[in-house]
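Written out below as structure tokens is the structure these notes cover.
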Amino acid sequence: MRATAEPLEGNLVRLSVEIDEPEFDRALGDVARTLARQVRVPGFRPGKVPRKVLEARMGGAGALRAEALREALPDFYARAVVDTELDPIAQPEIDITGGEESGGVSFDAVVQVRPLVPIPGYDGLQVTLPGLAVEDEEIEAQVDRLRENDAELEEVGRPAVDGDLVTIDLHGNDASGAEVVGVDDYLYEVGSGSVVPELDAELHGVKAGGIVAFDAPNPNDPEASIAFRVLVKEVKIKKLPEATDEWAAESSEFSSVAELRADVADRIARVKLMQAQMALRQKSLEALSGLVSDEDVPEVLVDAEVNERLHDLQHRLEAQKLGLEEYFQATGTSPDELLGAIRTDAQGAVKADLALRALVEAEELTLSDEDLDAEVAAMADRMGTTATELRRQLDTAGRTGAVRSELRKGKALEWLLDHVDLVDEDGNPMSRDDLRVDASGDDEADAVDEAEAFDQADEVDEVDEVEVQVERSEENE
């Protein structure tokens, strides 16, 4: 088989493929053997139907050849994509140009490929990162949080202000007079907004024994309202223990306040370090993606990304035994709002992908055969197969180029993170040495745990997705 690629306008490529007669005859024989096992002909066992009988049953040799073309051409096309190192982003339009009746076969496949977008100014990008300095106020705030764990409530005679804890009887009735809210001796923090915002405003300036009445929108039905009546029984403040060495020894693993503050400062510093590391990656990608014009982003790529994200959302909801209607009710979003948000995120992800691929070409970042072999071996280990078998699957599915592209994009991201200019929120230059994570201990893991909800959902590494597509292609064989 021979394949050549000719660029056309509009990110299209014409792939011209020629298949010699002996090679196509082997494909024709494979199709005949498969059909012989499937077709039931009286007097012949499955798989033992002679080819002439099979051709006659199908309507002649031409019908068998047409079936072979339909079955074999996708495989030849996939091989041609690998041989020419194309990166298709849509289904091809195939036109058989020779060999429909006999002899060798040739066909053209016109396919849209991923564009190489311009990224002007990529080598002068600057990103702003959160500062690494730990302020005394931050340390004291964390110490105060620990003190609050041992706080005692002390009743006061003054009016309530934000931060006070009030004991209230809270009752609410809807328009029909039915009680929809009813709780006595409820301990509520003024200013928390955990019931309805109007409650906090009404409690301001009220002493113990005061009664307030007001209407507020029903959180479950914005068109209706609830008539609230609130009795304030007590107004209390939190009385924190003194930050003494004795308290530190009783309430922590440290024997003094100085040791406790030092540990708090260290933990805050590690969290800030991780925040800065993650911000470096996210903001660098955002800065690079910002160089890509919306007009250069193919809609077919955005549509594919949207579909993938919708599929992933549906899969996660099914795992939790939830439907889309329940999701919309729980999140308060509409289908149009969800689709709009997903499409916006998909657009950003596609821009990041195109920008990194453009950076690969601009900096001529190469990938060795050893790098590719190592990644295939790692993928094979995760998938429970051999590297040889996985490489065969990747080549057959036309996905080898995708793995190579993802690895080169990883190199582009490394280049980007090493070359963007770094400044803090005050505009002062930052050193990359200050962003190094100590890998000798558990600092990094601890910092991630303390930072809790860092979102890495928009990562551009798609090697796992390549694995999924390979598995799906194997299931369909």
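The table below gives the values:
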item	result
Boolean, Ala27 is buried (at least 16 other Cβ atoms within 10 Å of the Cβ), at pLDDT below 85 and among the hydrophobic types (A, V, I, L, M, F, W, C)	no
Qualifying residues in the range 169-192 (those that are on the phi > 0 side of the Ramachandran plot and either outside the structural domain of Ile226 (by TED's automatic domain parsing) or not in a strand (DSSP E or B) (or both)) - the one modelled with the lowest pLDDT	Gly177
Criterion violated by Pro46 - all others in (1) touching a helix residue (DSSP H, G or I) at 6+ places or on another chain (Cβ under 7 Å); (2) loosely packed, with under 13 Cβ neighbours inside 10 Å; (3) touching a residue at least 12 places away in the same chain (Cβ under 8 Å) satisfied	(3)
Criterion violated by Gly60 - all others in (1) on the phi > 0 side of the Ramachandran plot; (2) surrounded by 14 or more Cβ atoms within 10 Å (Cβ to Cβ); (3) without any contact (Cβ under 8 Å) to a residue 24 or more places away in the chain satisfied	(2)
Subset of the range 376-400 [more than 19 Å from Val81 (Cβ to Cβ) and part of a helix (DSSP H, G or I)]	Ala377, Ala378, Met379, Ala380, Asp381, Arg382, Met383, Ala387, Thr388, Glu389
Strands (runs of 3 or more DSSP E) fully within the range 1-107 counting 3 or more residues that are within 24 Å of Arg392 (Cβ to Cβ) and in contact with a Lys or Arg (Cβ under 9 Å, 6 or more places away or on another chain)	12-19
So Val195, is it hydrophobic (A, V, I, L, M, F, W, C), assigned to a strand (DSSP E or B) and buried (at least 16 other Cβ atoms within 10 Å of the Cβ)	no
Residues being surrounded by 11 or more Cβ atoms within 10 Å (Cβ to Cβ) and polar (S, T, N, Q) - total across the range 310-328	1
Search result, residues across the range 99-134 that are surrounded by 19 or more Cβ atoms within 10 Å (Cβ to Cβ) and hydroxyl-bearing (Ser, Thr, Tyr)	Tyr122
Whichever residue in the range 131-145 is in a helix (DSSP H, G or I) and touching a residue at least 12 places away in the same chain (Cβ under 8 Å) and, among such residues, is farthest from Gln277 (Cα to Cα)	Asp144
Residues being exposed (fewer than 14 other Cβ atoms within 10 Å of the Cβ), within 17 Å of Gly210 (Cα to Cα) and among the aliphatic types (A, V, I, L, M) - total across the range 162-182	0
Residues being touching a residue at least 60 places away in the same chain (Cβ under 8 Å), surrounded by fewer than 18 Cβ atoms within 10 Å (Cβ to Cβ) and under 26 Å from the mean Cα position of the chain (by Cα) - total across the range 379-400	2
Residue check for Ala374: within 25 Å of Leu417 (Cβ to Cβ), without any contact (Cβ under 8 Å) to a residue 12 or more places away in the chain and surrounded by fewer than 19 Cβ atoms within 10 Å (Cβ to Cβ)	yes
Where a residue in the range 98-110 is within 13 Å of Leu73 (Cα to Cα) and its partner, wherever it lies, is surrounded by fewer than 18 Cβ atoms within 10 Å (Cβ to Cβ) and among the basic types (Lys, Arg), with Cβ under 8 Å and at least six apart	Asp108/Arg14; Ala109/Arg14
Hits in the range 208-219 (condition: assigned to a strand (DSSP E or B) and small (Gly, Ala, Ser))	Ala213, Ala216
Any hit, the range 253-272, residues being of a type in the set (Phe, Trp, Tyr) and surrounded by 17 or more Cβ atoms within 10 Å (Cβ to Cβ)	no
Evaluation of His419 against (1) under 21 Å from the mean Cα position of the chain (by Cα); (2) under 19 Å from Tyr122 (Cα atoms) (one fails), failing number	(1)
Residue satisfying all of: in the range 351-371; of a type in the set (Gly, Ala, Ser) and assigned to a helix (DSSP H, G or I); surrounded by the fewest Cβ atoms within 10 Å (Cβ to Cβ) among these	Ala362
Of all residues in the range 188-211 being in contact with a Leu (Cβ under 6 Å, 6 or more places away or on another chain) and aliphatic (A, V, I, L, M), the one that is farthest from Pro222 (Cα to Cα)	Ile211
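Okay, residues lined up against (1) under 41 Å from the mean Cα position of the chain (by Cα); (2) among the polar types (S, T, N, Q); (3) over 30 Å from Pro298 (Cα atoms):
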| site | (1), (2), (3) |
| --- | --- |
| Thr4 | yes, yes, no |
| Pro7 | yes, no, no |
| Ala32 | no, no, yes |
| Arg65 | no, no, yes |
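The values are calculated or read from the model by the stated rules, or taken from the named source; none is laboratory data. For clarity, every value in this text was computed on a predicted model and none was experimentally measured. As a convention, Cβ positions derive from the backbone with ideal geometry for all residues, glycine included, and neighbour counts pool all protein chains shown.
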